[in-house]
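Structure first, then comments.
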Amino acid sequence: MKSVQNTHNSAAFDDLHNALLMIVGTFNRPQRDELLIKESNIQLDRALFPLLIQIGRFGPIGVVELAERAGRDYTTVSRQVAKLEELGLAQRQKNAKDKRVNEAVITAAGKAMTDKIDAARAQIYQNLFASWPDEERAELARLLQKFVGDFIAIDKSKTAD
């Protein structure tokens, strides 16, 4: 019985993993960023787009952490943050607690740009979820947040060992 149950769980986890890979793949497509840039009516290099979003959401954020979140090399992200700084959308600063850590923080101009992006994203989601009952949309958000929290906890427990 246990073998049958393990096979069933394995197939269910494969289905879940495949769905997650599809979500990640969909979000990571350059076309998704290009659509949001276009719908937001902003001028921004597509390579800088995810970094600006992450700085706006999680900043101040260390450049090393930003590189890890973006799945890019530190030196590449450091150059791209410098470009965002040149554009007046972000600025670099030293971490208050550890001066060795360089952080990126969003500027007022960067925040204005991410506000436009958020409005465009909200419109896209409004259309996407138009036929979903509020309860299902809320349940999806709750379950995704629970999953991410549990997944992060696994990472933290493994690095603590």
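The values are calculated or read from the model by the stated rules, or taken from the named source; none is laboratory data. For clarity, every value in this text was computed on a predicted model and none was experimentally measured. Cβ coordinates were reconstructed from backbone atoms using ideal geometry, including for glycine residues, and neighbour counts include every protein chain displayed. Just so you know, the surface numbers come from the protein's heavy atoms only, side chains and all, with ligands and any DNA or RNA stripped out. Shrake-Rupley method; radii C 1.70, N 1.55, O 1.52, S 1.80 Å.
Data overview
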read-out	value
Å² of accessible area per residue within segment 16-161, as computed with a 1.4 Å probe and no ligands counted	68 Å²
Whole-percent carbon and sulfur share, accessible surface of segment 28-161, 1.4 Å	53 percent
As computed over the chain, the Cα convex hull volume per residue (Å³)	165 Å³
Candidate aspartates and glutamates for bridging to K111, where Cα separation is under 18 Å - those fewer than 8 sequence places away on the same chain excluded	D33, E39, D45, E85, E86, E103
Theoretical ellipticity at 222 nm over the chain - DSSP helices of four or more residues, -39500 (n - 2.57) apiece, nearest 500	-24500 deg cm²/dmol
Relative contact order (%) - the chain, alpha-carbon pairs under 8 angstrom, separation at least six	19 percent
Segment 88-160: chymotrypsin sites (Phe, Trp or Tyr not before Pro) in DSSP coil with no more than 14 other Cβ atoms inside 10 Å	F129
